[in-house]
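Take a look at the structure below.
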Amino acid sequence: MPESALAALATYPRVHFAHLPTPVEPLPNLSRYLGGPELWIKRDDQTGLAGGGNKARKLEFLLAAALAAGADCVITAGSTQSNHARQTAAAAARCALESHLVLYAPGGAPPAAATGNVLLDHLLGATIHWTAERAPYAESLARVEASLRAAGRRPYLIPYGGSNPTGILGYALAMQEWAAQARDLPPFDAHVFGTSSGGMQAGMLLGAHLCDLSTPLLGISIDAPADVLAPRVIDLAAGGAATLGLRWQPDAASVCINADYLGGGYAVMGAPEREAIQLLGRLEGILVDPVYTGRALGGLIDLIRRGTFITGQRVLFWHSGGMPALFAFGESLLRAVAGGPARDPS
Ligand SMILES: *Cc1c(COP(=O)(O)O)cnc(C)c1O
């Protein structure tokens, strides 16, 4: 059964615009600094498409679905600094479709400064619809969709995070890509990554099943308690399997979510995120973001300090992108850098 599902995955309609395979690199300086496991990084921040990130893989499948549906524009939603919205705008431009982005802002008012991903959304030609509604933005999406249809347009709705059974196929494919890369590498003990709408994790679980990979996949939750996120991940993974003609869902035990690093909430940068951003930048010349990858790497750093991952092990950190959001946090990041030591005492 996995064989026929893999064949279905290989031929599933997909627009090719991501830069794949993304590199896998060792992190020798950070590994030495932390004195624990050997750390490696999978550079999904280098997927191309207007700054890279994990949404490029999902959008290859979602834009193919939009084109197959005869759409003339796409709609999606996200937070103010949504990487998903920015990459959707880029993918739509690439496919000669218009993009409409429903973005959250306090009070539904446009932010005073168009910076980071918001600046890029404008440059990519997106029409932005500001809303005070929070995720999953259902009412605002429905309103924008209805007004486009009333104007005779053919919109295609891409869900929040690009996470539906079609979108997650991008991460099933990513695991297959990793399986090929892993053949030339020593064995790994864990994959660690940020998880939010759950699509990346669901796709990775599906791909690991299809490729018979058993290394644990540990999602560091960005904004949801584990008991809320885990059933979503299972549903998404089962839905993705069904699109490939496979009746399967992941064992609950394989859906590993650590929600110890939610800090002050979504997009509230705290000391762990600041430290992760500074450490990876100063020691490896690689930038993580304040919202997702900084939080996930901050969690991994803490787990190493607590002895969850130890010397002699090998851990792969998936860098899922988000770099443009750094510019929206410039002032407080500068204060942290000026403070000198990597660990902010506040
Ligand atoms: C969207 C996003 C994630 C989370 O991926 P999900 O599939 O929503 O769980 C992680 N990192 C970055 C940078 C993202 O933009």
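Things worth noting here:
- Residues within the range 208-230 that are part of a loop (DSSP other than H, G, I, E, B), within 13 Å of the ligand (Cβ to nearest atom) and either crowded, with 22+ Cβ neighbours inside 10 Å or hydroxyl-bearing (Ser, Thr, Tyr) (or both), tallied: 2
- Condition check for Gly294: part of a helix (DSSP H, G or I) and at pLDDT 95 or above: yes
- All of (1) small (Gly, Ala, Ser); (2) within 26 Å of Pro216 (Cβ to Cβ); (3) free of Cβ contacts under 8 Å to residues at least 60 places away in the same chain hold for Gly281 with one exception: (2).
- Exactly one residue out of Glu3, Glu38, Glu98 is surrounded by fewer than 20 Cβ atoms within 10 Å (Cβ to Cβ), out of contact with any helix residue (DSSP H, G or I) (no Cβ under 8 Å at 6 or more places or on another chain) and among the acidic types (Asp, Glu), and it is Glu3.
- Any hit, the range 182-198, residues being part of a helix (DSSP H, G or I) and either away from the ligand (no atom under 13 Å from the Cβ) or of a type in the set (Lys, Arg) (or both): yes
- Number of the exception - Ala5 against (1) in contact with a Gly (Cβ under 9 Å, 6 or more places away or on another chain); (2) free of Cβ contacts under 8 Å to residues at least 24 places away in the same chain: (2)
For every residue, the table says whether it meets (1) away from the ligand (no atom under 12 Å from the Cβ); (2) farther than 26 Å from Ala114 by Cβ; (3) surrounded by fewer than 24 Cβ atoms within 10 Å (Cβ to Cβ).
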| residue | (1), (2), (3) |
| --- | --- |
| Val288 | no, no, no |
| Tyr292 | no, no, no |
| Ala296 | no, yes, no |
| Leu300 | yes, yes, no |
| Ile304 | yes, yes, yes |
| Gln313 | yes, yes, yes |
| Ser320 | no, no, no |
| Phe327 | yes, no, yes |
| Gly330 | yes, no, yes |
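- Residue selected from the range 149-176 under the condition in a helix (DSSP H, G or I) and in contact with a Lys or Arg (Cβ under 9 Å, 6 or more places away or on another chain), by the criterion farthest from the ligand (Cβ to nearest atom): Leu173
The values are calculated or read from the model by the stated rules, or taken from the named source; none is laboratory data. Source: prediction; values computed, not measured. Methodologically, a virtual Cβ is constructed for each residue, glycine included, from the backbone with ideal geometry; neighbour enumeration extends over all protein chains shown.
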